[in-house]
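The structure appears below as structure tokens.
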Amino acid sequence: MNWLSGRVIENRRWTESLFSLRIENASLSFQAGQFVRIALDIDGQRVARAFSFVNPPQDPVLEFYGVVVPQGPLSPRLARLARGDTLYVASNPAGFLVLSELPESRTLWLLSTGTGLAPFLSILRTPEPRRRFREIVLVHAVRQASELVYREVIEKLQVRYVSFVSREAHAGSLAGRIPAAIADGRLEAAAGVPISAEGSQVMLCGNPQMLRDAQAALQARGLRKHRRRAPGHITVESFW
């Protein structure tokens, strides 16, 4: 595998466990919504993990949003990187959570938990969503209100934004989890647009339980998983 050597220009700590890295000198081509492996050399070995791009493809500065896994070999070290430090970016971005894979529809739903927000920020900072969809709904579910990150970016995106906070009450956010809110209609009520097989494309990125349960809730509403050979309504990314 070929690796690009990048230089950290910012490490933003949102909370004790959430961070965003901005990296220069490692520009590469990718589609908004894709992911790539980033790495550090640790004890003589190059240790890598997959991260989705936060930045749009036209931005030469790469940005990645991560969470610290306390006993993990890589993420605690990434969270401690300082301006000027070096890390490595693989030269082969991948992933199918991209708009070029989606059929036409009226409404684009982007459902995320935690750091699963990242690819949707990349997608939404390109012109394509507004060219192809009449309505766009961005949904972000977290445990604590302090984890509702990138609000200054989201406010500029011209989308319908719905947030969930599951472990404390937070004004302006729904309680509970995304799948339950699909099933009982609260998500559609909050967004102001319907979820339907006739008019919706849904992209999912987040923890495995949300992906399973949200797909089941959507399938109960008549939506089906999208495949190239059998077009549907639900597109999923999971690299947990």
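In segment 144-240, carbon and sulfur make up what percent of the accessible area (probe 1.4 Å)?
Looking at segment 144-240 in its full context, I get 48 percent from C and S.
Show me, for segment 60-68, the HN-Hα J-couplings you get by feeding each phi into the Karplus relation (A = 6.51, B = -1.76, C = 1.60, θ = phi - 60°), rounded to Hz, glycine and proline as x.
My calculation for segment 60-68 gives x, 8, 7, 9, 9, 10, x, 10, 7 Hz in order.
With the radius of gyration and the Kirkwood radius both derived from the Cα set of segment 24-105, what is their ratio Rg to Rh?
1.01
Assign one of three labels to segment 133-201, namely rounded, prolate or oblate, based on the Cα gyration tensor with a ≥ b ≥ c the square roots of its eigenvalues; rounded applies when a/c is under 1.5, prolate when it is not and a/b is larger than b/c, and oblate otherwise.
Note, shape of segment 133-201 comes out oblate.
Apply the a/c threshold of 1.5 to the C-alpha gyration tensor of segment 66-121 and tell me whether it is rounded, prolate or oblate.
In terms of gyration-tensor shape, prolate.
Just the Kirkwood number for the chain, please: inverse of mean 1/r across all distinct Cα pairs, in Å, one decimal.
18.4
Determine the dipole magnitude for the chain: charges of +1 sit on the beta-carbon of Lys and Arg, -1 on that of Asp and Glu, nothing else is charged, the reference point is the Cα centre, and the result goes in debye to the nearest 20.
For this selection, approximately 360 debye.
For segment 24-133, what is the accessible area per residue in Å², given a 1.4 Å probe and the full set of protein chains?
For segment 24-133, the solvent-accessible area averages 41 Å² per residue.
In terms of modelled amide H atoms, which long-range or inter-chain residues lie less than 5 Å from the amide H of S200?
R106, T107
Once ligands and nucleic acids are excluded and a 1.4 Å probe is used, how much of V142 is accessible, expressed in Å² to the nearest 10?
10
With the cut-off at 1.5 for a/c, could you classify segment 86-161 from its C-alpha gyration tensor as rounded, prolate or oblate?
oblate
Sorted from largest to smallest, which semi-axis lengths in Å does the alpha carbon gyration tensor of segment 161-215 give for its equivalent ellipsoid, taking the root of 5 times each eigenvalue?
19, 15, 9
Compute the separation of the alpha-carbon centres of segment 182-240 and segment 52-78 and state it in Å as a whole number.
What the calculation gives is 26 Å, centre to centre.
Report the charge-dipole magnitude of segment 177-240 in Debye, nearest 20, computed about the Cα centre from +1 at each Lys and Arg Cβ and -1 at each Asp and Glu Cβ.
So the dipole magnitude of segment 177-240 works out to roughly 300 debye.
The values are calculated or read from the model by the stated rules, or taken from the named source; none is laboratory data. Predicted model only: the values in this text are computed from it and were never measured. When we count neighbours, we look across all protein chains shown, and the Cβ atoms used for this are built from the backbone with ideal geometry, even at glycine. Accessible surface areas use protein heavy atoms only, side chains included; no ligands, DNA or RNA. Shrake-Rupley method; radii C 1.70, N 1.55, O 1.52, S 1.80 Å.
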